[in-house]
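A.B. asks: Once you've had a glance at the structure underneath, I'll fire off some questions.
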Amino acid sequence: MVIDLGTERYEPPVDTAGPPRAVVVRQWRIAAAALAGILVLNTGGAAPAPTPPLRQVYAAPIGPVDTFTMAGGLLVTASVLDGADRPGRRITCYDLTDGRRLWSGDFVVDRDGDGPIFSDGLLLISERLADGAPTRTTALDPRTGRRRWSAPYRPLPLPDGPIALVFDNVFRPEARVWPGQRTVGGKVYIASDGHAYTEPPTGMTVRGLDLGTGRLRWELPRLDSARVVEAAGEHPTILLTSSVDGGVEVRDVVSGAVTHRLDWTGGELVHGQRIGDVVVATAQSGTDLVVTAYSADLRRRRWSRSLPGPDQSVERCGPLLCQWAAFRTSALDPATGEARWERPGPRNLLSIGPWLVELDNGPLRRVLDARTGRPVTDLGGWWLAGDPGWSGAGTLPADPPPLVLQPNLVKQHTWFGVFDPAGPSVRLLEVLPHSLHGCVAADRFMACRSGDGQLRAWRYEPN
């Protein structure tokens, strides 16, 4: 799983009211349970205290521009090195089972560059040794900090294996900006090797990097474009490449070899994604967006549809394909292309288990039935305790259930709960005495910045 460090997960608005309505109901239940416990004690009964569902396992100061990430029960922080001759960060790894520091080291990481990334049992760190120099990626053992390899690339890790892809734009040599050369107006394009160009790229190259060794396995000649179709179920990740003759080829990411040519409808390849047993590819043809669905192995075309006009987009939303245009959402059956339902509203939909969750520029708004598009439950403004990492629509597993929170900046506390897909509803867990933001959640752990300048981490232990 790839985890991005560079952005805050949310910035909650000031909430002067109490908890959401669902939590108020829950409070009365808690009060009733507490009263019942008092009666038991007064009548001589005894019961062990329940284990708190959230147990704090780490707390330490964190700077406003320092970053952090989590995976596999490990917390990694990246702190800016003040006063250094070159920009750098101190990378420190902690074991969240007991909060123990495992290792720490300094790296020449650009303050505006990528943060550490967990991938395939490694911690990948992008280093830039000097301004204008190419980026190097260093792979570490996340538990020991031992260096495994270093290579002059910035790879894109894939979710299902030991291969990462290296994408590089190709520019005309005559468009390069040389040291001391002035550019008059216009836009400057920066290549992965740090060189600047006055013209946009004319194509791209793709290489396959073995994450186990840091060595290249294969390299492709110049392409017009390339898009990754991520793995789903028993179907592995594949690469769609658009060649100079306008055709689209399906490639194996382990070898880079062409498995077959796609029955392509034409246009500029934009996107490819799996939805169940269907692969949906989109292409730009003039101002129209062309959507084509293929079988799981991409050897048979199932249907194709042209969406006229600008500002059209399609994304997976749970088991369906959602089309957004003119502030309306249309849900299509990915197997047939037929419309299932249509409703007004924003494009921000998140899939959790069998449900679709509507977001209102950040906070969760309500639960929709994916089959009909009808509202089922009002979520009352809860926030996800982590970034689902979507572009328009994302998917989260229902097990373990996603953690959610409701901050109150005035009273300096935060309500925590879990989204229970059996409801569907939010089940209150605990009230924490901190105003929290910038949270990351993974593997039943959660880390957040608190209003007192601390980074705090908890373990979720369901009762």
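Read the figures in this text as sums done on the coordinates, not as results from a lab. Everything quoted here is computed from the prediction, not taken from an experiment. All Cβ positions, even for glycine, are placed from backbone atoms using ideal geometry, and neighbour counts span all protein chains on display.
A.B. asks: If you take every residue apart from Glu230 with its C-beta less than 10 Å away from the C-beta of Glu230, what net charge results, scoring Lys and Arg +1 and Asp and Glu -1? Before the final figure, lay out each step's value.
C.D. replies: Values: positive: Arg274; negative: Asp160.
Cβ neighbours under 10 Å give a net charge of 0.
A.B. asks: Further question: Please give me, ordered by residue number, the GluC sites (Glu not before Pro) of the range 267-352 that lie in loop per DSSP and have at most 10 other Cβ atoms within 10 Å.
C.D. replies: Working: sites: Glu268, Glu315, Glu338, Glu342; in loops: Glu338.
The qualifying sites are Glu338.
A.B. asks: While we're on this one: What's the center-to-center distance, using Cα atoms, between the range 402-442 and the range 233-306 in Å?
C.D. replies: 40 Å
A.B. asks: Ranking request for peptides 67-75, 284-292, 205-213: highest mean number of other beta-carbon atoms within 10 Å first, then the rest in descending order.
C.D. replies: Answer by packing, highest mean first, reads 67-75, 205-213, 284-292.
A.B. asks: What does the charge count near Pro400 come to, summing +1 for each Lys or Arg and -1 for each Asp or Glu among other residues with Cβ under 12 Å from its Cβ?
C.D. replies: -2
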